Amino acid sequence: MATNRENGSLYTKIIGRVATVEFGHPASNSFVAELLDRLTTELHKLSENDSISVIVLKSEGDRAFCAGASFDELMAVSNLEEGKVFFSGFANVINAMRTCNKVIVGRIQGKTVGGGVGLASACDYVFASVEASIRLSELTIGIAPLVIGPAVERKIGKAAISELSLSPTEWKNVYWAREKGLFSKVFDSIKEMDKELEFFTEKLASYNPEALEEWKKTLWEGTSHWDELLVERAAITGKLVLSEFTKNALSKCKK
């Protein structure tokens with residue numbers, strides 16, 4: 001059952017050495033600032049938890065994985081500082097995933113837009129259902145995927161992110177995403193995906209935790225500058241969201 005809380009929900013369940021973090025929001029699991037902050041805090045907390053080795057990141061329900069940033073909060077941004085703070089929320093989550101000591105496995109059950117594609121890209125391994133189409137729609141509302149761009153490009157490359165972002169109204173299907181390297185495995189049903197996900201994470205969590213931690217650091221080599229880069233990108237995006245183009249586009253989307 002999906003949450004009806006306007007600030008979203010966040011739950012963590014730990015079984016064995018696997019922690020499952022589930023976020024939700026009534027607007028297609030989009031992110032308000034408070035939910036981004038809570039997810040960042042939870043990831044930092046789990047990173048230091050020696051009793052776990054693997055984190056599963058999932059969202060509520062069986063439809064959309066994540067609709068990206070909250071339209072209501074985007075429309076409410078009234079100055080540069082507010083814009084920077086809001087988009088820094090996504091920067092902070094991606095950096096928390098990047099620096100987390102635990103391997104993060106994504107569970108993508110449905111369509112994913114904008115910031116949701118960024119979260120999937122920041123996972124170390126991703127399970128997806130056949131319904132998990134993706135889209136970077138930022139240009140249609142006058143902004144650009146600046147904050148999540150480094151994470152997405154790291155996974156799928158410059159050519160693929162160009163194709164994805166410059167056709168912002170076009171959905172790319174799950175097989176395109178797997179071919180480009182965003183998704184690791186694709187399943188015909190959520191039931192089949194969850195069965196395999198449980199088996200995979202239990203097996204992964206049985207390995208030497210020190211080896212997993214050291215290997216994750218290696219996989220993310222060359223990204224230490226993201227601490228500054230993503231916040232700088234957040235400031236640019238915060239400026240763009242104040243443009244007349246973006247305000248008009250968001251108003252049309254809400255109608």
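Read-outs: derived from the displayed coordinates by stated rules, not from any lab. Keep in mind it's a predicted model, so treat the numbers as computed, not measured. Positions of Cβ are generated from backbone atoms using ideal geometry, with glycine treated the same way; all protein chains shown enter the neighbour counts.
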Simple spin-label estimate for Lys13 and Cys253 in nanometres, 7 Å along Cα-Cβ: 3.2
Projected area averaged over orientations for segment 117-200, convex hull of C-alpha atoms, nm²: 5.3
Answer label for Rg and Dmax of the Cα atoms in Å (calculated), chosen among [x] 20.1, 63; [y] 18.8, 70; [z] 17.2, 53: [z]
C-alpha center-to-center spacing [segment 70-132, segment 7-39] in angstrom: 11
Listed residue (Leu250, Ile52, Thr20) projecting farthest to the positive dipole end of the chain, Cβ model: Leu250
Angle between the chain longest axis and helix 190-205 axis [Cα atoms, degrees, rounded to 10]: 60
Amide H partners (placed H, <5 Å) of Val126, local residues excluded: Gly106, Ser184, Lys185
Mean Cβ count within 10 Å, highest first, over the residues of peptides 127-134, 96-103: 127-134, 96-103
Nonlocal amide H pairs with Ile14, under 5 Å, H built at 1.01 Å: Thr20
Additional length obtainable on full extension of the chain from Phe199 to Lys239, 0.36 nm per residue less Cα span: 9.9 nm
Mean shadow area of segment 111-150 over all directions, Cα convex hull, nm²: 2.9
Length gained when the stretch Glu170-Glu232 is fully extended (0.36 nm per residue, less Cα-Cα span): 19.5 nm
Förster radius 41 Å - calculated FRET efficiency between Ala27 and Asp188 (Cβ-Cβ, nearest 0.05): 0.90
For the chain, size of Cβ-based charge dipole, Lys and Arg +1, Asp and Glu -1, in debye: 520
Under-26-angstrom lysine pairs by C-alpha in segment 175-255, whenever the two are 8 or more apart or on separate chains: 19
Positive-end residue, the chain charge dipole about Cα centroid, Cβ charges, pick of Phe183, Ile134, Leu204: Ile134
